[in-house]
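Each remark here refers to the structure printed beneath this line.
The values are calculated or read from the model by the stated rules, or taken from the named source; none is laboratory data. Only a predicted model underlies this, so the values are computations on that prediction, with no experimental measurement involved. Virtual Cβ from ideal backbone geometry, glycine too; neighbours counted across all protein chains shown.
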Amino acid sequence: MESLIIKIVLVLLLATAILRVHFRGRVRHSLRHQVFDHSTLTAPVNLLMYACSSVPQTPFLPADSFADLKVLQTHWQTIRDEGARLLQAQEIRAAQHNDDAGFNSFFKYGWKRFYLKWYGDSHPSAEELCPQTTALLRTLPSVKAAMFAWLPDGGKLNPHRDPYAGSLRYHLGLITPNDDRCYIEVDGARYSWRDGEGVVFDETYIHRAENHSGQGRLILFCDIERPMRYQWAGAFNRWFGQYIVAAAASPNRDGDRLGLISRLFRYADWVGVQRKRFKRWNPVVYRTTRVALILAVAGAFFLL
């Protein structure tokens, strides 16, 4: 009986966390979409991050309140020049071996990236091709991840929320259309990129992006550590980033670090392809099977 009570409490806590994430902000997925979204897996951890956060819980935050970001903005032209050379050399591209767990769904609409660092040291390819930018990043402890991100004309990112609330997202415009038709929308509020300008937003709000300006857009894309009110919460956040988020590392070239999550993603993506084939074959059987599997897992949880 005691074991059953503990399990019921755990389920109620998980449900509370999922609902907190779901109702956060003005824009939201359908509840069914949220239940099966990857952000549901991290909802309990995110609840802790929100509770301990020392910054306002708003979609956008003032970039000038983060000291490390002032360094990047001061040197934006240096960063731009290295990014432009990568772009010309076609080094900014989609994952070559289906091994980018974090951003795989973005590639189908033309989005491309070149990783500078991902919750650890810089990739060897980044050290070689972007020595000045990686040198700058080494001096900025709050910047946990960084990449050059390209969105072509006609490209888009569908509405989504990122899974982990331990970071905030920073975009620094490098080569942009300087046009309101190229924008990101976070919880219903729009921002259009401009050369040399930076913006900070909370990527766990639902956001999307579109570019219909006639030109491509290149930005520096960073994860910065969410400031915490308590030292223990900051320590936990850094531990989670170092050992969990870092496992999603994806290489630019052979020889760069490949994290365990991205390594396993190669196989998970194959399973996803088979799932979609099954769904196309018979949607009714697919939905029935999915419900049966969910009930089986729930039953096993309470009975074992």
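Quick one: count up the residues across the range 133-180 that are of a type in the set (S, T, N, Q), closer than 23 Å to Tyr243 by Cα and either in contact with a helix residue (DSSP H, G or I) (Cβ under 7 Å, 6 or more places away or on another chain) or surrounded by fewer than 16 Cβ atoms within 10 Å (Cβ to Cβ) (or both).
Within the range 133-180, the first condition is being of a type in the set (S, T, N, Q), and the residues that meet it are 133-134, 139, 142, 158, 167, 176, 178.
Filter again for closer than 23 Å to Tyr243 by Cα, leaving 134, 139, 142, 167.
Next, only the ones that are either in contact with a helix residue (DSSP H, G or I) (Cβ under 7 Å, 6 or more places away or on another chain) or surrounded by fewer than 16 Cβ atoms within 10 Å (Cβ to Cβ) (or both) stay: 134, 139, 142.
Qualifying residue count for the region: 3.
Checking Ala189, Ala209 one by one, the residue that is touching a residue at least 40 places away in the same chain (Cβ under 8 Å), out of contact with any His (no Cβ under 8 Å at 6 or more places or on another chain) and surrounded by 17 or more Cβ atoms within 10 Å (Cβ to Cβ) is Ala209 and no other. When Leu87, Leu72 are screened for being assigned by TED's automatic domain parsing to the domain that holds Phe221, of a type in the set (A, V, I, L, M, F, W, C) and over 29 Å from Ala189 (Cα atoms), only Leu87 passes. Looking at the range 108-145 only, could you name the residues that are assigned to a strand (DSSP E or B) and small (Gly, Ala, Ser)? Scanning the range 108-145 gives Ser122, Ala145. Within the range 7-44, can you find the residues that are in contact (Cβ under 8 Å) with a residue 24 or more places away in the chain, within 22 Å of Gly188 (Cα to Cα) and aliphatic (A, V, I, L, M)? Hits for the range 7-44 are Ile18, Val21, Val27, Ala43.
Looking only at the range 256-286, filter to residues that are in contact with a helix residue (DSSP H, G or I) (Cβ under 6 Å, 6 or more places away or on another chain) and not aromatic (Phe, Trp, Tyr); which one of those is modelled with the lowest pLDDT? So that I can check it myself, show each step before the final result.
Quick first cut of the range 256-286, residues in contact with a helix residue (DSSP H, G or I) (Cβ under 6 Å, 6 or more places away or on another chain) only: 256, 259-262, 278-279, 286.
Those still in the list that are not aromatic (Phe, Trp, Tyr) too: 256, 259-262, 279.
On the way: Asp256: 95, Gly259: 94, Leu260: 93, Ile261: 92, Ser262: 92, Lys279: 86.
This residue is Lys279.
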